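J.: Below you'll find the structure I mean.
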Amino acid sequence: MDAQNGLGISHSLATVQASVASLLSGEQALGYGYPYAGSSQDKLAWADAQRSQMGLVENLAWTRDRSVDEQTYLDAKSSLRIGEQQQGLANLGDPAIYFLTGSIGSTIRAVAATNGALQFTQGAKQAVDGDGWNAAGNMVAGLLGMATLGIPAIKGGAGPVVVADSKVAGGGKATAGASVDGAGGIAVAPKTIPYEPKGSVILQGDAPVCGPACAAMTITDKTGAAISLDNAIGSFVNGVRPTGVNTLELSDVISKAGVKNTVNTTMLPEQLNKALQEGASVIVQVPAGQGKHFIIVDGVKSVDGVSYYMTRDPYVGPRGVQQGLLDGAMSTGVNAIVIGG
């Protein structure tokens, strides 16, 4: 209960029993902080409760810092995933399983390599955090796991399994064309894919004008009148600050151009997907270093079983971004503008 509600408090058994009895009797109401281990509904309800006590300007500027307990919880989840995969291999009789023939052996070797990449990444993070001993163990074990792809197969299978030319832990790349015998395998999906949007594309360059760029693209797409980035910048009555513009100002410029839109100051991933399924495009404000950044999300596309948000990013251009990456950035609710909503 404490982990779900972000309390991070230790109690004696007697105190816990008394608190439970008080709660069951209705004499005490439970109060807690951000439910980082709870459901999306719990997170949204908590955010709404916080924002209900603020004015509009405070709502737009509101951010939430992760607590030490929350970061510990997230790190623990990552470690548990790696541990579960390692235990699964151990139960089968590692390392003898790497020499099984046919598609079963090929699949096991590919899974082991994927697990190795995850373990190497965890080790690298531990090294950054100063945990040198555990870092060394995880990084060496991870490299050994990835090396299982080099074990020669015993008799041929149905064909080669090619590891995708995608970045893995440490910033390296899997060698294009590397293969092992067998009919199946697991490839590491790329984090981004190419995207050729039907809508307009306007880049911001190095200036802090991602908001005006999104406005120019949206107005051009919805009205048919080509709007330049300079024209869009000039439409902001308060100008563009070194930190950019806020969601309310961006919505106002789009509205004055005749494009209907709706502001959501706590949009969660499921709300984004609902809007996209209804045919709307959504301007989303995502964390970017110490600041924020506006992008346009046009839809969702599945490639080889992996879902990608198709985005028009004023800074890097159009691309598909793995759904889980953007969902993670939105997990506590972000400012967004639903176009046409």
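J.: Considering the zone a paramagnetic label at A189 would reach in this model (a point 7 Å from Cα along the Cα-to-Cβ line), which residues of region 310-324 have amide N under 15 Å from it?
T.: Inside the label zone: 310-311, 320-324.
J.: Assigning unit charges at the beta carbon (Lys, Arg +1; Asp, Glu -1) and nothing else, what dipole magnitude in debye, to the nearest 20, does region 193-339 show about its Cα centre?
T.: That gives region 193-339 a dipole magnitude of about 180 debye.
J.: Hey, another quick one. Over 25 Å between C-alpha atoms is what I'm after, so list which of K260/K292; K191/K260; K191/K274; K43/K274; K198/K274 land there.
T.: Over 25 Å Cα-Cα: K191/K260.
J.: Between V68 and A14, what is the label-to-label distance in nm when each label sits 7 Å out along the Cα-to-Cβ direction?
T.: Here the answer is 2.8 nm between the modelled labels.
The numbers here are math on the coordinates, done by the rules we state, and not lab data. This is a predicted model, so every value here is computed, not measured. So basically every Cβ, Gly included, is an ideal-geometry build from the backbone, and we count neighbours across all protein chains shown.
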